[in-house]
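The values are calculated or read from the model by the stated rules, or taken from the named source; none is laboratory data. Just so it is clear, the structure is predicted and the values come from calculations on it, not from any experiment. In this analysis, Cβ positions are derived from the backbone assuming ideal geometry, glycine residues included, and neighbour counts consider all displayed protein chains. Only protein heavy atoms, including side chains, enter the accessible area calculation; ligands, DNA and RNA are left aside. Shrake-Rupley method; radii C 1.70, N 1.55, O 1.52, S 1.80 Å.
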Amino acid sequence: MSFLIAFLSLVIEFALGYPDWLFRRIGHPVTWFGRLISFLDRRLNRDTDSDALRRRRGVHTLLVIVLVPAIIALALEILLWQLLPSGLLIVAVLATSLLSQKSLAEHVEGVADALDNGGLAVGRVAVSHIVGRDPETLDRAGVCRAAIESLAENFSDGIVAPAFWIGIGG
């Protein structure tokens, strides 16, 4: 059943992506994780604490950021499957929030369009949205390479890994 959820999630996310209106209203799971990690880091990772205590708290933080979402997801999946005839589809829709293929494709296509229609300066601005490096010194080929490198890196993190784990665990 998990492979079916992964497949459906990939198809739905490819077609719909993560809606901007939803992001503006509730954020995105990645931003939620970021806030949780920042909160735990501020609370549990103090320079004045011993290295052993900081390591122990780091392990606790890792357990929280892995187990809490996993428990919530498992509970939702079980409840939806048992209570609703369309529960599988709802689980697949919820799982789309873990994927980023549509957004990734749009951003990389945006770089190509910017280079083709607006020139190098506009291409640099477009690529700055998807890379961590400063694109101001990149030539046209460098902007293209940066977009392709970002595509390759984010393909693994935003498509392959989440689809794999959805397929393994639902």
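Which of the peptides 8-21, 54-67, 120-133, 89-102 is most tightly packed, and how do the rest follow, going by the mean number of other Cβ atoms within 10 Å of each residue?
Numbers: 8-21: 15.0, 54-67: 12.9, 120-133: 17.4, 89-102: 19.9.
Answer by packing, highest mean first, reads 89-102, 120-133, 8-21, 54-67.
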key: Cα-centred dipole magnitude for the stretch 100-169, charges only on beta-carbon of K, R (+1) and D, E (-1), debye, nearest 20   = 60 debye
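Test of understanding: what is the full-extension gain from R35 to I90, defined as 0.36 nm times their sequence separation minus their Cα-Cα distance? Don't skip to the answer; put the middle values down first.
On the way: separation 55, 0.36 × 55 = 19.80 nm, distance 2.56 nm.
Between R35 and I90, full extension yields 17.2 nm more.
When the Kirkwood radius is taken over all Cα pairs of the chain, what Stokes-Einstein diffusion coefficient follows at 37 °C and 0.692 mPa s, in µm²/s? Mind showing how you got there, number by number?
Details: Rh = 18.4 Å.
It comes out at roughly 178 µm²/s.
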Residue-normalised accessible area of the chain, given per residue in Å² at a 1.4 Å probe = 65 Å²
request  = At 7 Å along the Cα-to-beta-carbon direction for both L4 and A141, put a label point, then send me their distance in nm to one decimal.
outcome  = 5.1 nm
remark   = Counting only backbone N atoms under 16 Å from a point 7 Å out along Cα-to-Cβ of L151, the residues of the stretch 101-127 in range are 101-117, 123-124, 126-127
inquiry  = I want to check the label-to-label distance for L16 and N117. Put each point 7 Å from Cα in the C-beta direction and report it in nm to one decimal.
reply    = 2.7 nm
key: Approximate spin-label separation R54-L79, in nm, with each point projected 7 Å along Cα-to-Cβ   = 3.9 nm
Two-decimal ratio, the stretch 100-169, of alpha-carbon radius of gyration to 2.2 N^0.38 Å = 1.21
remark   = Relative to the compact-globule estimate 2.2 N^0.38 Å (N residues), the Cα gyration radius of the stretch 1-99 stands at a ratio of 1.36
task = Could you size up the charge dipole of the chain around its Cα centre, putting +1 on the beta carbon of Lys and Arg and -1 on that of Asp and Glu, and report it in debye to the nearest 20?
result = 740 debye
With every protein chain in place, the stretch 1-99: carbon and sulfur % of accessible area (1.4 Å) = 72 percent
query = Which log10 I(q)/I(0) values, to two decimals, does the stretch 68-142 give at q = 0.11, 0.18, 0.26 Å⁻¹ under the Debye formula with one point per Cα?
reply = -0.50, -0.71, -1.12
